[in-house]
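The block underneath contains the structure these notes are about, expressed in structure tokens.
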Amino acid sequence: MNYCIILNALFNTEYAYRAFFDGSSAFSRALALARNFGKDVYMVLRRDAELPEGLPGDVRVVRADFSACGFADAVLEVFSDAGCDFVVLMFADSPFFSSKTAQEMIDQHVEFFADYSVAEGYPAGIVPEVLSLRAASAVRKLAEDFTEELRRSLLFDIIKKDINSFDIETLVSEHDVRLLRPSFFADCKRNFLVCQAFMGFFSPDMDAERFAAVVLKNMGLLRSVPAYYQIEVVRGCLQSCSYCPYPKFIDVLSTREFMPIERFSSIIEEIVSFSSDAVIGLSAFGELSLHPDVVKLLEIALSHKELSVLVETSGYGWDVSVLEKISSLDGSDRIKWIVSLDTLNENLYSVIRGDGFSDVMACIDVLKRLFGDNVFLQAVRLRETEDYLESFYRTLKEKQYNVIIQQYDSFCAMLPDKMVVDISPVRRFPCWHISRDMVVMIDGTVPVCKERFLTGPYAGNVFSDSLENIWKNIEKYWDMHLSENYPDYCLNCKEYFTFNF
Ligand code: SF4
């Protein structure tokens, strides 16, 4: 049976072509690995993307729209041009593709007459997908109704729409690394640095199984630069919630402090320079609706295309005209809203959260109208709300709202234990938050993590230290976690396994 290789470059960013310390790039490595098969190589490139420099003449380029149909059309075009029986799909920005495991998948695909072959449990980026000609038209048809966000798993996401119609072969890793979410695509600074850190561990003749074992053994290298920054731009709140640690810190109902625009702007500049892309969380503990320059704050953050914003709010105190101004900002589709609602029972609401139930419900309608599916309604799972939780979820889902159920956080046992059910993993692993998050308080202080905002330890101050140094200072806690030498407060914390971004 004849096959060819598709290098999918639809997700390529400038980092695909950036040189690692040895002078190679993720793209040059992926291309070399693709050509090693001795088969025709096709590159699927976005219509507006420039041709990569030095692309060999025998690599055929297929232009595609960045959409499910665009991708499926490009695959069909390859089949028609190459006249092959199946295609092997790899990404054009993955430097560690395992040809050995790909060959194993190809053999299995042929032996079992599969429509589609996929691998599970391996680090993302090192194994291919295989698709047969007879399944390609079905994929194209299913792509027509595909409305979800386009992810790397696009082909499988399309196939999942009618999974029983496909003969699927799955290769499963003995070393399951999914929990660590390693992503060996050079598509952002964070992943580029991770790829570079693992460079010495990979050789082209290595199978994916061995590489997965290497990743598990060297998971410390998965920490590069932060992905999520929570910034306390407001100190103070309109509600004093029963499960929040903030009222233990300040009188939230009377304190009103605001981070000046210039200070916020300088932090944002530093974030872009240090992390490149990131999610900016506003406003850590304070209520964002109180900030007198809230529109400007969002405008500053959104002016950087690499950044997106997460607003966590009670939904109380928002002026409709302010929300309308925010929705008209360039890039407002990069704002996600989480409204902490907790319950639909007004009496319970006032016990748990305080005033404002009817204002909040009205605000939710406005947010939904202006921001659509970017609005999420959240309930913290508490003993007090447990009996109402199912109807909370069902009612809101019926009304087409996105719902988040969050686990109760005692902030390292600072608050009483109100956890309804403990879903901690059986075996502890190093904390996500010191690997990917940074919290900045209103005076610039950076606690080691959000849980420790009140008591420390602190890693520095963004107005006097560089983000790089502060992040380095947090690294020692990461190292302690790697060696399973956890500080006492971490042993009392159930947040280590919650993943933000
Ligand atoms: S385990 Fe909890 S207290 Fe420890 S670093 Fe992680 S989030 Fe912070």
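The values are calculated or read from the model by the stated rules, or taken from the named source; none is laboratory data. A quick note: this is a predicted structure, and the numbers were derived from the prediction, not measured. Backbone-built Cβ (ideal geometry, glycine too); neighbour counts: all protein chains shown.
Worth a mention:
- Flag if Ser283 is at pLDDT below 95 and either touching a strand residue (DSSP E or B) at 6+ places or on another chain (Cβ under 9 Å) or more than 19 Å from Tyr229 (Cβ to Cβ) (or both): yes
- Selection status of Asn461, within 25 Å of Leu282 (Cα to Cα) and more than 9 Å from the ligand (Cβ to nearest atom): yes
- Residue under evaluation Ile404, criteria (1) over 23 Å from Tyr229 (Cα atoms); (2) more than 9 Å from the ligand (Cβ to nearest atom), criterion not met: (1)
- Taken over the range 6-60, the criterion of being within 19 Å of Phe202 (Cβ to Cβ) and assigned to a strand (DSSP E or B) is satisfied by Leu7, Ala19, Ser25.
- In the range 146-172, the residues that are under 21 Å from Glu77 (Cβ atoms) and either in a helix (DSSP H, G or I) or of a type in the set (Asp, Glu) (or both): Leu154, Leu155, Phe156, Asp157, Ile158, Ile159
- So Val75, is it of a type in the set (Val, Ile, Thr), buried (at least 22 other Cβ atoms within 10 Å of the Cβ) and part of a helix (DSSP H, G or I): yes
- Flag if Ser435 is at pLDDT 95 or above, surrounded by fewer than 18 Cβ atoms within 10 Å (Cβ to Cβ) and of a type in the set (S, T, N, Q): no
- Yes/no for Ile364 being more than 16 Å from the ligand (Cβ to nearest atom), under 15 Å from Ser314 (Cα atoms), touching a residue at least 40 places away in the same chain (Cβ under 8 Å) and not in a helix (DSSP H, G or I): no
- Take the conditions (1) buried (at least 18 other Cβ atoms within 10 Å of the Cβ); (2) farther than 26 Å from Leu288 by Cα; (3) more than 12 Å from the ligand (Cβ to nearest atom); Leu482 misses just one of them, which is (1).
- Single residue of the range 458-474 satisfying the filter (out of contact with any helix residue (DSSP H, G or I) (no Cβ under 7 Å at 6 or more places or on another chain) and surrounded by 15 or more Cβ atoms within 10 Å (Cβ to Cβ)) that is nearest to Lys248 (Cα to Cα): Tyr458
- Annotation note: Cβ proximity below 6 Å between a residue of the range 429-446 that is more than 8 Å from the ligand (Cβ to nearest atom) and a residue that is of a type in the set (D, E, K, R) and not in a loop (DSSP other than H, G, I, E, B) (sequence gap 6+ or interchain) occurs for Val439/Lys450; Ile442/Arg235; Ile442/Glu257.
Condition check ((1) modelled with pLDDT of 95 or more; (2) touching a Phe, Trp or Tyr at 6+ places or on another chain (Cβ under 7 Å)) across all residues:
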position	(1), (2)
Phe113	yes, no
Tyr116	yes, yes
Ala119	yes, no
Ala135	yes, yes
Val139	yes, no
Glu144	yes, no
Thr147	no, no
Ile159	yes, yes
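- Tally of residues being in a loop (DSSP other than H, G, I, E, B) and in contact with a Pro (Cβ under 8 Å, 6 or more places away or on another chain) across the range 186-202: 2
- For His175: the one exception among (1) crowded, with 19+ Cβ neighbours inside 10 Å; (2) not in a helix (DSSP H, G or I): (1)
- Evaluation of Asn374 against (1) at pLDDT below 95; (2) under 30 Å from Ser328 (Cβ atoms) (one fails), failing number: (1)
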